[in-house]
Amino acid sequence: MKDLNFYYNKALKKGFALGAFNFNNMEVLQGILSASDSLASPCILAVSEGAMSYMGEFLPAFVEVVKKHKGVFVHLDHGKSFEVCKKAVLLGFDSVMIDGSALSFEENVKLTKKVVDFAHKRGVLVEGELGQLKGIEEDVTSSEHHFTDPIKAKEFVEKTGVDTLAIAIGTSHGAYKYKGRQELRFDILEEIEKLLPDFPLVLHGASTVEKRLVERINTSGGEMKEAVGIPEELLRRAIKEHNIVKINTDTDLRLAMTCGVRENLKQNSKEIDPRKYIGSGRELVEKVVKNKIENMLFSKGQI
Ligand code: G3H
Ligand code: 13P
Ligand code: ZN
């Protein structure tokens, strides 16, 4: 069976990216899987520490389901300790992220290397992170971006042996990403690529926060007035012209699920069957993922 590394290398060569979609319940998982299956697109199912504890004893069962799908991989998102990475490796995850981005450079290298040594022996890939995204990350609130230093990025990759690197070039987590100009630091990305040629890079905080979805949420009882995301055009450029091979998306799926559920309940005030209103959320999750695969990630047909 082709492993995740195969797809990262293919993505680098062909100018597409794998969507890494967060899930923490069955319906979001179903929406993502049916989108990627129907479009024969490789994709990554991302599980955060919070999602792990939310799913509880069902987590291994979800992992088993994902493993039955060709070209789909399970990944630990923002693992903060060696212990949680070890747990994910032993549960059969294909890949883990150790997020030491809030630590000093030396501490980040030390922790990441420890995870790499453990995971690689078991055939599991490791993503590291250098630089910090604006907003809340690692329980540290940062009002400013701490962009990735290209020279440090090269040193980090060489010292740790990570398979992929998450970088900070202006994306951020959540639904409120910009107050002013919506831009990304392509100059920093280019510097990183010069020092780390053909190395697979990752963008976190890459939701586009589609305006139409936000409007629909707001007209069905939500309040998300200032929500704004990364322009799709910038992400397309990062994927097509640069070495970004993994695009992390959680917020856009939260918006889709919320919109589907809100609209259904607003239109059907007598509805009490969760399959109906959560089902509407699931449909919208599938639609959003399909749209990304076809129009932004260009991963359709790449399995
Ligand atoms: O980047 C983090 C993801 O959006 C996961 O969020 O920790 O609330 O599950 P969570
Ligand atoms: P968004 O909040 O932009 O969806 O980012 C999700 C993410 O980076 C998960 O690791
Ligand atoms: Zn993230």
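The values are calculated or read from the model by the stated rules, or taken from the named source; none is laboratory data. All values derive from a computational prediction rather than experimental measurement. We place every Cβ from the backbone using ideal geometry, glycine too, and count neighbours over all the protein chains shown. Remember, those area values only see protein heavy atoms, side chains included, never the ligands or the DNA or RNA. Shrake-Rupley method; radii C 1.70, N 1.55, O 1.52, S 1.80 Å.
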Does the stretch 197-216 include one or more residues that are at negative phi and of a type in the set (Phe, Trp, Tyr)? yes
Residue under question is Arg275, and the condition is that it be modelled with pLDDT of 95 or more and farther than 30 Å from Glu191 by Cα; does it hold? yes
Restrict the check to the stretch 87-95 and report whether at least one residue is in contact with a strand residue (DSSP E or B) (Cβ under 7 Å, 6 or more places away or on another chain), part of a strand (DSSP E or B) and within 16 Å of ligand 2 (Cβ to nearest atom). yes
Scan of the stretch 229-264 for residues that are within 11 Å of ligand 2 (Cβ to nearest atom) and open to solvent by 30 Å² or more (accessible area, probe 1.4 Å), ordered by number: Asp250, Arg254
Residues of the stretch 13-24 being open to solvent by 40 Å² or more (accessible area, probe 1.4 Å) and within 18 Å of the chain's Cα centre (by Cα), in sequence order, are Asn24
Considering the stretch 170-188 alone, what residues qualify as being among the hydrophobic types (A, V, I, L, M, F, W, C) and either crowded, with 24+ Cβ neighbours inside 10 Å or within 16 Å of ligand 1 (Cβ to nearest atom) (or both)? Ala175
Every listed condition ((1) open to solvent by 10 Å² or more (accessible area, probe 1.4 Å); (2) part of a helix (DSSP H, G or I); (3) touching a residue at least 12 places away in the same chain (Cβ under 8 Å); (4) within 16 Å of ligand 1 (Cβ to nearest atom)) holds for Lys114 save (4)
Can you spot a residue in the stretch 266-288 that is closer than 30 Å to Gly128 by Cβ and either within 17 Å of the chain's Cα centre (by Cα) or in a helix (DSSP H, G or I) (or both)? yes
Quickly run through the stretch 148-162 and pick out the residues that are in contact with a helix residue (DSSP H, G or I) (Cβ under 7 Å, 6 or more places away or on another chain) and part of a loop (DSSP other than H, G, I, E, B). Thr148, Gly161, Val162
Looking at Ile293, Ile303 in this structure, which one is among the hydrophobic types (A, V, I, L, M, F, W, C), touching a strand residue (DSSP E or B) at 6+ places or on another chain (Cβ under 8 Å) and within 26 Å of Ala40 (Cβ to Cβ)? Ile293
Taking into account only those residues within the stretch 236-286 that are polar (S, T, N, Q) and over 22 Å from Thr219 (Cβ atoms), which is nearest to ligand 3 (Cβ to nearest atom)? Asn248
List the residue pairs whose Cβ atoms are under 9 Å apart, where the first residue sits in the stretch 16-27 and is assigned to a strand (DSSP E or B) and more than 12 Å from ligand 2 (Cβ to nearest atom), the second is open to solvent by less than 10 Å² (accessible area, probe 1.4 Å) and among the β-branched types (Val, Ile, Thr), and the two are 6 or more positions apart or on different chains. Leu18/Ile44; Leu18/Val245; Leu18/Ile247
Candidates Ser41, Ser81, Ser48, Ser34, filtered to the one that is open to solvent by less than 50 Å² (accessible area, probe 1.4 Å), within 16 Å of ligand 2 (Cβ to nearest atom) and among the polar types (S, T, N, Q): Ser48
